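Colleague: The structure under discussion is supplied below as structure tokens; questions concerning it will follow.
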């Protein structure tokens, strides 16, 4: 394996060499909390000429390398360096790889791993070269350089231990600027642009990181839209004041704690988008889109909006809370989990479909459609009162109601379903009325 000591002239050559075919190995600056047991850092490689490589020796050092390297840093520590796993370029062809540490097993602040392709094969130097796993627990706030060259220069081995990064058959190149792991405190950051923009724009109030990751309590409280087109993170997200966060079909947002959407705020989730959060709190705000919402939704008053007739937004977890729900737009909102929120339900337009096993509603009103059950699994819905344009009940499902308001509404009840109208009298006498397919019941 080749060893190169970089001087200024050679560094200049390496920074321009990717255009000549030398693959560029790079890492982005990382912003982390000092409470993380594990964080995965991708190490990337790119080649504009689609260079083929037959092996790599990859060395990584964090900070001064720790006491084994004559340094004082104790964290962030390296717990693994994976150069052949799923998603890496050498996953398709390799002769195996086991990370090496200065003495014994992980964790250390420096590591080396190498592999070669199977004889007669090569891989293109474009994609993820490796995944570095780091434990930042207990690290002091500050910045720790990530080095890929001349790793472990001060380790007292015989012969001296010096690892360096390079490919087996071609020379690697590296960016001219140093890369760091920045250990920061949990902090607030606000969208600060006077226009619409992307989540990854450097237009947030915090400079570390330049756009939110899991160390940030992100806030969008001005009347602009922030678009999410790739996988992003935040500790929490608060949307209000006309602000909107739109997760596109190729985007994703992982939020450690809650997403809170207050009055004037909108969270839009497109079909195919990925949203993960501890929960979604609607405090007068709007949840809109065509995607599947997996976090549980808590209502302190909120709107579910599906603008187009073909739209179907699915809430797969329970919908709870002390507030009510307003359904807007001509499309469908499907609640796959149980709905037990305490407030009123207003179906202004479109369809609200309840497919949970057991749901309890208060007052249900509006010009839209309330659907109960999908005809496959049984659903039971109980409401205090209902006055809607159309009530549709799927086969095998039951709707129970305590009082009925007048109107010329239709109950579409496919056999063998029944609709049970339970009217509680002063003496506790219950009346039972069965409604068959296509029969008007009020």
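Every number in this text was worked out from the coordinates using simple rules, so none of it is lab data. Fair warning: this is a prediction, and the values are worked out from it, not measured in the lab. For neighbour counting, all protein chains shown are included, and Cβ atoms are generated from backbone atoms with ideal geometry for every residue, glycine included.
Colleague: Which FRET efficiency value, to the nearest 0.05, do you get for residue 186 and residue 106 by plugging their Cβ-Cβ distance into 1/(1 + (r/R0)^6) with R0 = 45 Å? Working shown, then result.
Modeller: Values: r = 27 Å, r/R0 = 0.60.
Taking R0 as 45 Å, the efficiency between residue 186 and residue 106 is 0.95.
Colleague: Let me ask you something else. What shape does the range 25-70 have by the C-alpha gyration tensor, where a ≥ b ≥ c are the square roots of the eigenvalues, rounded means a/c under 1.5, and otherwise prolate means a/b greater than b/c and oblate the rest?
Modeller: Working: a/c = 2.96, a/b = 1.65, b/c = 1.79.
Oblate, because a/c is 1.5 or more while a/b does not exceed b/c.
Colleague: Here's a follow-up. Out of (i) 58, 22, 19; (ii) 36, 29, 19; (iii) 85, 27, 19, which label holds the value of semi-axes √(5λ) of the Cα gyration tensor in Å that was computed here?
Modeller: From the options (i) 58, 22, 19; (ii) 36, 29, 19; (iii) 85, 27, 19, the structure gives (i).
Colleague: Please report the spacing between the Cα centers of the range 88-145 and the range 235-293 in Å, no decimals.
Modeller: 35
Colleague: Compute the FRET efficiency between residue 178 and residue 208 as 1/(1 + (r/R0)^6), taking r as their Cβ-Cβ distance and R0 = 22 Å, and round to the nearest 0.05.
Modeller: Values: r = 16 Å, r/R0 = 0.72.
Efficiency, rounded to the nearest 0.05: 0.90.
Colleague: Within a 10 angstrom radius of the beta carbon, how do 309, 81, 325 rank from fewest other beta carbons to most?
Modeller: Details: 309 12, 81 24, 325 27.
With the sparsest Cβ surroundings first, the list reads 309, 81, 325.
Colleague: Quick check: residue separation of residue 342 and residue 308 times 0.36 nm, minus the Cα distance between them. What number comes out in nm? Each step should come with its number before you reach the end.
Modeller: Details: separation 34, 0.36 × 34 = 12.24 nm, distance 2.78 nm.
Extra length from residue 342 to residue 308 when fully extended: 9.5 nm.
Colleague: Please report the relative contact order for the range 8-183, taking Cα pairs under 8 Å with a sequence separation of at least 6, and give it as a percent rounded to a whole number.
Modeller: On the way: 455 pairs, mean separation 61.6, N = 176.
Normalised by residue count, the contact order of the range 8-183 is 35 percent.
Colleague: Fewest first, what order do 167, 399 take by the number of other Cβ atoms within 10 Å? Let's see the in-between values first.
Modeller: On the way: 167 23, 399 27.
With the sparsest Cβ surroundings first, the list reads 167, 399.
Colleague: Moving on. Counting other beta carbons within 10 Å of each Cβ, put 39, 351 in order, fewest first.
Modeller: 39, 351
Colleague: Using only the C-alpha atoms of the range 71-173, find the volume of their convex hull and express it per residue in Å³.
Modeller: Numbers: hull volume 13.6 nm³, N = 103.
Given the Cα convex hull of the range 71-173, per-residue volume reads 132 Å³.
Colleague: Given the convex hull of the Cα atoms of the range 187-431, what is a quarter of its surface area in nm²?
Modeller: Values: hull surface 54.0 nm².
Average projection, Cα convex hull of the range 187-431: 13.5 nm².
Colleague: If I model a spin label at residue 91 and residue 35 as a point 7 Å from the Cα along the Cα→Cβ vector, what separation in nanometres do I get?
Modeller: Reported label-point gap for residue 91 and residue 35 is 3.1 nm.
Colleague: Follow-up question, since we're still on this one. Which percent of Cα pairs goes in each bin when the distances of the range 8-183 are cut into 5 angstrom slices starting at zero?
Modeller: Result returned by the calculation: 2, 9, 17, 21, 20, 16, 10, 4, 1, 0.
Colleague: According to a simple spin-label model (label point 7 Å from Cα along Cα-to-Cβ), what is the distance in nm between residue 50 and residue 200?
Modeller: 2.3
Colleague: Per DSSP H run of at least 4 residues, take -39500 (n - 2.57); add these up for the chain, divide by its residues and hand me the 222 nm value, nearest 500 deg cm²/dmol. Spell out each step's value before the answer.
Modeller: Numbers: 1 runs with 9 residues, N = 442.
Computed ellipticity for the chain at 222 nm equals -500 deg cm²/dmol.
Colleague: Then there's this: Can you give the relative contact order of the chain as a percent, counting alpha carbon pairs under 8 Å and 6+ residues apart? Walk me through the numbers on the way to the answer.
Modeller: Working: 1392 pairs, mean separation 36.4, N = 442.
Relative contact order, the chain: 8 percent.
Colleague: Also, I was wondering about something else. Each label point is 7 Å from the Cα along the Cα-to-Cβ direction; what then is the distance between the points at residue 140 and residue 270, in nm?
Modeller: Simple spin-label model gives 4.6 nm for this pair.
Colleague: Okay, next question. Using 0.36 nm per residue of separation minus the Cα-Cα distance, give me the extension gain between residue 193 and residue 154 in nm, one decimal. Can you show the working numbers first?
Modeller: On the way: separation 39, 0.36 × 39 = 14.04 nm, distance 4.69 nm.
Result for the pair: 9.4 nm of gain on full extension.
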